[in-house]
Structures are given as structure tokens and as C-alpha cells.
Amino acid sequence: MSKLQIIIRRLWLVLFISIISLFIFILAVNYNLNNLFGGMPSLQDLEKPESDLASELYSSDNLLLGKYFRYNRSPVKFDELSDELITTLLVTEDIRFYDHSGIDFKGLVRATYGLAKNIITFGNSGLEGGGSTITQQLAKNLFKIRREKKGKLSDIPFVGLIISKAKEWIVAVKLEEFYTKKEILAMYLNTAEYGSNSYGIKVAAKTYFNKIPSELNYNESSIIVGLLNKPTKYNPYFNPENALDKRSEILYNLFKYDIISRSTYDSIKVQGLDLNYKVQNQNVGQATYFRTVVRNYLINWAKENNYDLFSDGLKIYTTIDSKMQTHAEKAVNDQMKRLQNIFSEHWKDSNPWIDEKGFEIKDFLNNTIKRTSYYKKLLKDNDGDTIKVFESLNAKKKMRVFSWEGEIDTVFSIMDSLKYYKNFLQAGFVSIEPKTGYIRAWVGGINHKYFKYDHVKQGKRQPGSTIKPIVYAAAIDNGYSPCYPVVDAPVVFELPGQDPPYWRPDNHNGKWSGETMTLRKAMAKSVNSITAFITKKISPTTVVNYAKKLGIQSKLDPVPAVCLGAGGDVSLFDLVGAYSTFINKGIWTEPFFISRIEDKYGNLIQEFIPTKQEALSEETAFLMLHMLKGSKEEEGGTARGLNPELTINNDVGAKTGTTQNASDGWFIGVTHNLVSGAWVGGDDRSIHFRNWVLGQGARTAMPIWQQYMMEIYGDKELNIEKGKFDKPIKKITVEIDCSIYNNEIVSDSLDTILDRIEASDIY
């Protein structure tokens, strides 16, 4: 046997052994022999590949309100992708995609040659490796092969890389068996990362161009495809020059493969990036505060029901109406902007944090910052040295701050910004459909980006006079009539063992008129003494019990002052829910915001039904609606300043509320199909107008409700009609025409005219 024959035989033997070894190696990797290589996805994993999908929150009219995600991803089908996008992807990533079965051997040869030349030339060959097919890249994206399922050999340099590549090959071949080429392309684009917190082509198209994938042209497709491997380097927003260079490279490939003409190539190459960049987060879009509150609820729900809110692609359908939400946000924005101008002018060069005597609170800002976790961290980092801490807090730096005229770039210290933001009034607004319990609109504050605290459900403040309808509801339910006469005179509660041993509430003007008035008129005028008289008759404990029956979740102390809203703090959410009971014929219906939840395939997981309980008799509920109408109808009623147009062919009940020193302004408005409420106040109770007149609920909170309702009725698409309150099925046993008892003549008196004029400046 010649030497040549021996060499040839040995070469064949080496080739044979190599093939066998490769076959054994692939089998060993596939079956994870002795846990040396790490696990592989099962057949079930391949049939139903899992990737993190954002859960989506929808309004009742199917508008996407927001998403909850670790990776912001929403899948699309192949038919939802533009031809330009697909073509651009193929010429850039895998031109022979339709010619291979997961592994491109020509590409491997090219990549191996490029790698070898780079090694020889110390990286100066100008050639890139890149032998992975789109299917292999999908395998890497989908199963996170390089980050998960590691074996004993995975961390060994170079060996681990070979194992990972082998896994990619195996999974790629299997994917080609299970899926069509179109499905693989769609899956790849859906699972890729594009930078700027965007995962998946749908989110990327929205983030960079505010488009859907089917609308992407060659220019946009080139920019997005350029992000696939290096989303930071080629980010068009942060690194526009790199993005333009990459776009030119991709466009040239399109020209090289005769996809576009020379003229088209030259034309697009000189275009700008044409971005419409907006990163999706919880600070933008509709119902920002609502989305945050719902998020906390959904996290607990998902945990109890064995779902992951941030990866399982749930579809959450809420009761929020997008159009009503728009009107609510506009009303809060318009009125708070107006009110803030008044507030700022009111205080001018003075600070608005004052004590009960009207003097500025010393060290207010320093004491406020000391309560924050940020201060405590600084204190710890500086070994308790308060001088260094405040030096840091007073150090100037560039920052962007909120203003009603738009964001402002300025130079502030932390203490400067604290002072700046403490000068802003805050607000909350919620609107409920009483008969169903559906929450239709929710505005938790003036700007979610800068003020995270929710003033609808999270925030709780003294309710002031908005608690009074609960007092009167308890009285009427226990036999009192709206026409029951009471004298406006001092009422004294004995408090044995306390200092002083009594409590005597004042009216807001510090006077008692001595006038005999009905309970309806007393509530309409919000007379403290008469509310106290009724509370003394039925007991503070009875008031607290009825508050609980009407859905007030907060702890209220059964003290005499509970009748004026000083027995504890309550949320706007609970108050509006309580007033809804009057519309709902005495049945308290828990306000709720989620109608149903579906999985990512559209299967119903849970449908939500509100909790209901009987709180009042039907007759009592109707009488309370009659009482609430008094605020607009009775002479001196606190809601007399409402636009008369709202009461044309329309029953409107309302109650204003103002706490001590006008720290809180409230307004709850009731119609036959909507109960809505607003709260306005400072971050701290010490921040308010100097006088009660300017800070009362009729001037701060009522205008929000009024604008909202006017726009609701003016929106023909909503089809929300005016109407009368439903009457009880049974004839009421109580006379509500009080003129029968006292021959009272209703006249357009001078007092009434002056009353209207006095209130007319709120709109």
C-alpha cells in the first residue's frame, strides 16, 4: 500500500470519526448527558413556545389604556408585518432564509473564514463573523439558551460557546419542523429587543415611529432592523449618527439585491430619521393614576390565581370609559390650572404653609425632608453628619420640573424643588355609574410623572361637610323627616373627664342665626349646629354605623365631631360610593373597576361582579335625593352657583365640603345615572388659602364637577342623557312639601339674588 493510499485512508478515518463524534456530541447535548450540557426545551415547549408578554389594560370601549411588563412586548402575526420590513430583515440577517432548514452551511463557512482572518489580522480584516440564521437567533431569543439551562461544562471558556451553538442548531432544526417560515419570521420579530424598553416589533414600531408594523416603509424598517443586534449602539434617538450609518449599510444591501432602485437608495439615504419617539410607560397616556392603582390590585390577584401579571399576556378589561376619562382629565387640568394661578397670586412672595393662627410654620421644609427615605439614606451614607447631608440637599443641579405651562428646565437644589412643589394644589376626581358600580373616570392627581400619590383611593382626608348626608340619612332612616324643624342655635356635647368637658361646634361664620329651618334647608346651607343637634339626638355611634353600612372603609371614631367630618379621614372613592347608594334605592354597590380578565389566547379567566348590600330603605334613599337637591334649590344652598343649564330637565343633588381652615375642598354631585366627586387641597393640611371663602369646596372642587358634567352632556357620542331621579315603587309615607307645614312662600327675594351673584365667580 502506497503512502498516498495510507494518507487517504487515514483522512477518511478521521472524517468518519469526526462525523460519529459530532453525532454523539449532538445527541449528548440534546439529551443533556449526565447534566454536562444543560437542559433543552421539550417538545411541548417547541409546540407552545413561551416568551414574556405584556399584560394589557383596556377601557370598557376597548381602548388600550396601558400595559404591565418586565419586557414591553405585544405579539403580531406575519400578516401584520409590512413587506418592506420582511424584505429588509432578510437582506440584512439571512438572505438564504427560505433555502435552509435552520442552519445555513454556506453562512457557516463564510463566518468561519471571517473569524479566522480576523484572528490572523488581529481584528482588522473588516469581516464580521455572523453565521447564525434567523431561526438560530429565534432559538436564542425564545429559550434564552446562553443565560439559562446551563450544565456542568457551560461555564468553561470556548467549550460553553460550542455547547450553546450546538443547542441553537438543534433547536433551530426543531423549530423549522414545527413552524412555517412565515411563523418563524413573525416569532423572531416578536421576541427581539429593540432598545428603549421595547421588546417585539409592535412596540418598537410604536416607540420609534408611532406606527403599526404593517405601516413601516424601507426607511423605518432599515432603522428598526439595525437595532436587532446592537439596540444601544444603533438607537436612533440616543445615537442618531450610528443609526444613520447602519441605515445606509442596510439600504445598500437592498440596492445590491435589486430590491430598490439606485434613485430610491439615493433618495432615502439623504432623508432624516423621521422619528416620532415616545417610550411607553405609566406616566403617559390615559388614566395614569388609575393604571397604577389597578396594578397593585392585579399583582395580588395574579399571585392568588397563579399568574404572572408581567409576563403572561393577560387581557384586563376595566369599567373606565375612555371618552369620559378624557373629559374628566380635561376638567381637572383646566380647573386646577385656573385655581393654581389664583393660589399663587394669593400667596405671591409668601409661603403657603401656615399654622392655625395664620403664621408661617418654621422649619417646615427641613422637617418635611427629614421624613423622607431619601434623607434617611443620605444620613446613613454620611455617617449621621447632618451638615454634609444638607450641603448635598442644597447643591444646585440641572433638573426638569413640572409647570402648568409645560415642563421647565432649570437649576434647582433638592430643597429648592421641594419648596417649589409644595406650592402646588392637588386634586382627585372619580365618576361612578351608581346602578352598576362601574367606575367610569378616575383622575388621581394633577400629573402622574411628577406627583405619584393617588387622591382618589390612596389619599384620605377629613371629609368635612360631605359627611353630613350620612348623618341625615341615619336620622331619616330612624324616623326624622326632611321637613323636621330645628333652630339654628348652639349645641353642647358633654365630654366627662376631658378638658374642656364639653364640645360646642361653631357654624362656619362663627354665628348662630336663631332661624328655624327644616333639615333639608339645614343640609343645603350646611349648618353645623343643626347637624350637631341631629347627631346628638341619634348618637355619634349611630352615625359611624351608618357610614360603615354605606361603604366607608376607614375607621371613624364615634365622637361628636364625627358629624362635621372630624371623626377620621376618608377617601374620595368611599364617599362617592356611599352617595351612589341614594341613587341605587338604598342598595350599596361596591364601586369596582375590572369587569373581566382573559388569558393571552382570549379565554375568560374571571368575570367580576360587585358586592352589594342593603344599607337604607328605598324610601330613605329617595328622601336623601330630595335632600341633596336642596343644595341647588334651597335659598342659601351651597351649590346655588352651579350652571343653571345643568338642572334643565335634570335632577341634580349635591353636597359641598370644606374642612377647618379650608385645608380640603370637596364636592359630590349626584344625577340619575352618574355620581361624581372632586377633592382639592394641598399636599399637607397646613397648605391652603388664608380664608375659608377662597378655599371652600364650592370654589375649589365644584368647578371640576361642573365642567365635567357640562362636557359629558355635550358629548353626543356618549349618549348620556339628563333625567329625573327614580321614584320608589311604593308611595312614600313622608311629606316632602314643607310649605304645607309653615305656609312658606318661595320667592325670588333679594337675598336669593345676592346669593347667586356671590357664587357666580366660580365659573
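Quick rundown of the values:
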read-out: Sole residue being among the small types (Gly, Ala, Ser), surrounded by 23 or more Cβ atoms within 10 Å (Cβ to Cβ), in the same structural domain as Gly636 (by TED's automatic domain parsing) and out of contact with any strand residue (DSSP E or B) (no Cβ under 7 Å at 6 or more places or on another chain), chosen from Ala522, Ala474, Ala489; value: Ala474
read-out: Listing of helices (runs of 4 or more DSSP H) fully contained in segment 229-325 that carry 1 or more residues being at pLDDT 95 or above, closer than 30 Å to Ser431 by Cβ and not assigned by TED's automatic domain parsing to the domain that holds Ile446; value: 288-304
read-out: Tabulated pairs, segment 229-243, first more than 13 Å from Tyr194 (Cα to Cα) and free of Cβ contacts under 8 Å to residues at least 24 places away in the same chain, second assigned to a loop (DSSP other than H, G, I, E, B) and not basic (Lys, Arg), C-beta under 7 angstrom, 6+ apart or interchain; value: Asn242/Tyr234
read-out: Residue in segment 501-509 that is farther than 27 Å from Asp737 by Cβ and over 47 Å from the mean Cα position of the chain (by Cα) present; value: yes
read-out: Test result for Leu153, surrounded by fewer than 17 Cβ atoms within 10 Å (Cβ to Cβ), at pLDDT below 90, assigned by TED's automatic domain parsing to the domain that holds Pro231 and not in a loop (DSSP other than H, G, I, E, B); value: no
read-out: Positions within segment 401-420 being under 24 Å from Trp347 (Cβ atoms) and loosely packed, with under 12 Cβ neighbours inside 10 Å, in sequence order; value: Glu405, Gly406, Val411
read-out: Selection status of Pro482, at pLDDT 95 or above and either more than 23 Å from Tyr546 (Cα to Cα) or under 44 Å from the mean Cα position of the chain (by Cα) (or both); value: yes
read-out: Residue in segment 275-296 that is touching a residue at least 60 places away in the same chain (Cβ under 8 Å), more than 15 Å from the chain's Cα centre (by Cα) and crowded, with 18+ Cβ neighbours inside 10 Å present; value: no
read-out: Selection from segment 422-468 of residues that are of a type in the set (D, E, K, R) and part of a strand (DSSP E or B); value: Glu433, Arg440, Arg461
read-out: Residue count, segment 180-206 (criterion: of a type in the set (S, T, N, Q), over 22 Å from Tyr98 (Cα atoms) and either surrounded by fewer than 23 Cβ atoms within 10 Å (Cβ to Cβ) or not assigned by TED's automatic domain parsing to the domain that holds Gln136 (or both)); value: 2
read-out: Filtered residue count, segment 617-650, keeping only those that are within 14 Å of Gly586 (Cα to Cα) and over 36 Å from the mean Cα position of the chain (by Cα); value: 6
read-out: Flag for Thr542 being under 26 Å from Pro728 (Cα atoms), of a type in the set (S, T, N, Q) and surrounded by fewer than 22 Cβ atoms within 10 Å (Cβ to Cβ); value: yes
read-out: Residue that is within 30 Å of Asn584 (Cβ to Cβ) and aliphatic (A, V, I, L, M), where the choices are Val471, Val411; value: Val471
read-out: Odd one out for Lys655 among (1) under 25 Å from Ser350 (Cβ atoms); (2) among the charged types (D, E, K, R); (3) surrounded by 23 or more Cβ atoms within 10 Å (Cβ to Cβ); value: (1)
read-out: Sole exception among (1) surrounded by fewer than 20 Cβ atoms within 10 Å (Cβ to Cβ); (2) over 28 Å from Ala662 (Cα atoms); (3) out of contact with any Lys or Arg (no Cβ under 7 Å at 6 or more places or on another chain) for Pro558, by number; value: (2)
read-out: Considering residues of segment 161-211 that are at pLDDT 90 or above, aromatic (Phe, Trp, Tyr) and in a helix (DSSP H, G or I) only, the residue farthest from the chain's Cα centre (by Cα); value: Tyr188
read-out: Residue count, segment 469-522 (criterion: assigned to a loop (DSSP other than H, G, I, E, B) and of a type in the set (Phe, Trp, Tyr)); value: 3
read-out: Segment 510-531 - residue that is of a type in the set (Ser, Thr, Tyr) and over 16 Å from Gly637 (Cβ atoms) and, of those, nearest to the chain's Cα centre (by Cα); value: Ser529
read-out: Residue in segment 322-361 that is farthest from the chain's Cα centre (by Cα), counting only those that are more than 15 Å from Asp715 (Cβ to Cβ) and basic (Lys, Arg); value: Lys357
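Residues are listed down the side, and each one gets a yes or a no for (1) outside the structural domain of Asn545 (by TED's automatic domain parsing); (2) free of Cβ contacts under 8 Å to residues at least 12 places away in the same chain:
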position	(1), (2)
Thr368	yes, no
Ser373	yes, yes
Lys380	yes, yes
Lys388	yes, yes
Trp404	yes, no
Ser413	yes, no
Lys419	yes, no
Pro434	no, no
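The values are calculated or read from the model by the stated rules, or taken from the named source; none is laboratory data. Since the structure is predicted, the reported quantities are computational estimates derived from the model, not experimental observations. When we count neighbours, we look across all protein chains shown, and the Cβ atoms used for this are built from the backbone with ideal geometry, even at glycine.
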